[in-house]
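What follows is a single structure, written as structure tokens, with notes after it.
No value in this document is a laboratory result; all are computed from the given coordinates. This structure is a prediction, so every number in the text was calculated from the model and none was measured. Because the Cβ atoms are built from the backbone with ideal geometry, glycine has one as well, and the counts that use them run over all protein chains shown.
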Amino acid sequence: MQYWNATCECMSRDEMADLQSKRLIETVKRVYQNVPSYREKMQQKGVEPGDIKSIEDLKKLPFVYKQDLRDNYPYGMFAAPMSEIVRIHASSGTTGKQTVVGYTQKDLDTWSEIMARTLVNAGANKNSFIQVAYGYGLFTGGLGTHYGAERIGASVIPVSVGNTKRQIQIMKDFGTTIIACTPSYALYLAEEMEAQGISKDDLKLEAGVFGAEPWSENMRKEIEERLGIIAIDIYGLSEVMGPGVASECQCKCGLHIQEDHFIPEIIDPETEEVLPPGSTGELVFTTITKEGLPLIRYRTRDISSLTYEKCECGRTLVRMSKVTGRTDDMLIIRGVNVFPSQIESVLLEFSDIAPHYQLIVDRVGRLDVLEIWVEMNQKMFSDQVRKLEDVERKITKEIESTLGISAKVKLVEPKSIERSEGKAKRVIDKRKI
Ligand code: DLL
């Protein structure tokens, strides 16, 4: 088994708890001293830094929300002087102001370290050629992956997003062994390769590190088959660091959280109560080594669960389950909670359709209606109308029996749904609520 940092990734649970406690105490002191909004929040809850003696005391601390970052836009929650901030990123967000995040040199070192671990999880070493097709710029995907790859000593190919033809040419000519991009873009690459008559055997690709958006197991299967690689799920968010907060190992049974830097909790999003291991709820993170923008009990809105059971890979780091969706992109359709990834999972069981889809939600009168647009593959497109209707009917039935809601399924022409180079836009919600 290959590790980047066996000392940190395989330490005993007791050692981890001691390390986390020590680091948590330091972080709480730091934010209390340097960030007025934290001091106020803690005072309102009647907690002082001295009350935090170990990770057991974490639950005494108040939560932090994206709104807090917006209220203190742009730099109000930084815990280091601006003279020590050496990098700024921002997360665009779909609503409201963007969230600005700042890193000290030590933060960038930590980020490179955890991204190095992530890439090694996917099988990278210094002989790898890592093509970074996440966006460079304010988005954390590009530069985060880039620095991790350099830390390993791999050859980094910093293509950034877009220009799919060129991406493929570079993969082929430069001998790319690992591709880093969103899972939806990975499928787009596969599709374009097929259109250009380039086979996976023409490439040296071995693995992909895919994240930044939810994707189902069926989507993984599809990517792995079409590109002939192992597809690893990587997770992160700008506020907490960027990519590298957690990633799967070769066992692909949950994402190991880099716990020597981030403490996870799962809470009930309504009651804010901490839930026991194994329960599904909202993921909350506390950063314990960050200097620029430390976050205490940050509400991610991502839905997951934690397991502390030992992983076959030998890492002792807790694992989070694949993020299936966010509390805020969960669709409530006629009272039923639906995640786009559940629909994706159903769709990908059908062989006649392409893994490109869009959900259109509208309200007609007082009733929510869900339309699922899904692309046919080329072969099916030339089939008879009766066959199309038959497939539509089958998908409708399957959606209804799996999710408990009715939907109107519409098969659309190949390549008619817009492709995304970054995060895919899966849902168009036309309801004015
Ligand atoms: O998406 C960081 C990243 C870049 C992660 C590249 C992985 C790879 P943000 O733009 O701030 O940061 O978006 C963070 O994206 O809260 C999740 O809702 C979602 N997300 C990220 N990774 C995954 C994943 C980057 N593997 C938000 N599965 C997070 C599901 C993910 N959702």
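Quick rundown of the values:
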read-out: Crossing angle, helix 217-227 versus the chain [Cα axis fit, 0-90 degrees, rounded to tens]; value: 70 degrees
read-out: Approximate shape of the range 331-429 as ellipsoid semi-axes (Cα gyration tensor, √5λ), whole Å, largest first; value: 22, 16, 12
read-out: Percent of beta bridges antiparallel (DSSP, the chain, rounded to nearest 5); value: 65 percent
read-out: Estimated FRET transfer efficiency when R0 is 25 angstrom, pair Tyr65-Arg363 (beta carbons, to 0.05); value: 0.30
read-out: The chain, helix-only ellipticity at 222 nm - DSSP H runs n ≥ 4, -39,500 (n - 2.57), divided by all residues, nearest 500; value: -10000 deg cm²/dmol
read-out: Residue-wise HN-Hα coupling along the range 336-349, computed from phi with Karplus coefficients 6.51, -1.76, 1.60 (Hz; x: Gly, Pro); value: 9, 7, 10, 9, x, 5, 5, 5, 4, 4, 5, 4, 6, 7
read-out: Spherically averaged projected area of the range 41-88 from its Cα convex hull (nm²); value: 4.6 nm²
read-out: Other-chain or far-sequence residues with amide H under 5 Å of Leu275's (modelled H); value: Ile266, Ile267, Asp268
read-out: Selected from Arg386, Arg363, Arg30 as most flexible by GNM, with the chain as the system and alpha-carbon contacts under 10 Å; value: Arg386
read-out: Estimated dipole of the range 331-429 in Debye, rounded to 20 [Cβ of Lys and Arg +1, of Asp and Glu -1, Cα centre]; value: 140 debye
read-out: For the chain: relative contact order, % (alpha-carbon pairs under 8 angstrom, 6 or more apart); value: 14 percent
read-out: Acute angle (nearest 10 degrees) that the helix 140-152 long axis makes with the longest principal axis of the chain, alpha-carbon atoms; value: 70 degrees
read-out: Label-point separation in nm, Asp390 to Ile198, each point 7 Å along Cα→Cβ; value: 3.7 nm
read-out: Extension gain from Lys252 to Tyr73, taking 0.36 nm per residue of separation minus the Cα-Cα distance; value: 60.7 nm
read-out: Contact order normalised by residue count of the range 331-429, Cα under 8 Å, 6+ apart, percent; value: 33 percent
read-out: Candidates Ser83, Ser238, Ser416: whichever shows maximal mean-square fluctuation once the chain is modelled as a Gaussian network with Cα springs under 10 Å; value: Ser83
read-out: C-alpha long axis of helix 13-34 to longest principal axis of the chain, angle in °; value: 70 degrees
read-out: Theoretical gain in end-to-end length, Glu224 to Gln43 [0.36 nm per residue, Cα-Cα removed]; value: 60.1 nm
read-out: Dipole of the range 191-259 [Lys/Arg +1, Asp/Glu -1 at C-beta], most positive-end residue of Gln250, Ser216, Gln196; value: Gln250
read-out: About the Cα centre, charge dipole magnitude for the chain (Lys/Arg +1, Asp/Glu -1 at Cβ), debye; value: 760 debye
read-out: For the range 331-429, share of DSSP beta bridges that run antiparallel, in % to the nearest 5; value: 60 percent
read-out: Highest-MSF residue in the chain out of Thr402, Thr140, Thr307 [GNM, Cα springs under 10 Å]; value: Thr402
read-out: Pairs from Lys204/Lys410; Lys66/Lys423; Lys66/Lys430; Lys408/Lys430; Lys165/Lys430; Lys106/Lys165 whose Cα-Cα separation, in the structure shown, is over 27 Å; value: Lys204/Lys410; Lys165/Lys430; Lys106/Lys165
read-out: Euclidean distance of C-alpha centroids, the range 317-347 and the range 158-233, integer Å; value: 24 Å
read-out: Computed over the range 18-63: relative contact order in percent, which uses C-alpha pairs under 8 Å that are six or more apart; value: 44 percent
read-out: Compactness of the chain, expressed as Rg and Dmax over alpha-carbon positions, Å; value: 22.3, 73
read-out: Asp18 versus Lys172: modelled label distance in nm, points set 7 Å from Cα along the beta carbon direction; value: 5.6 nm
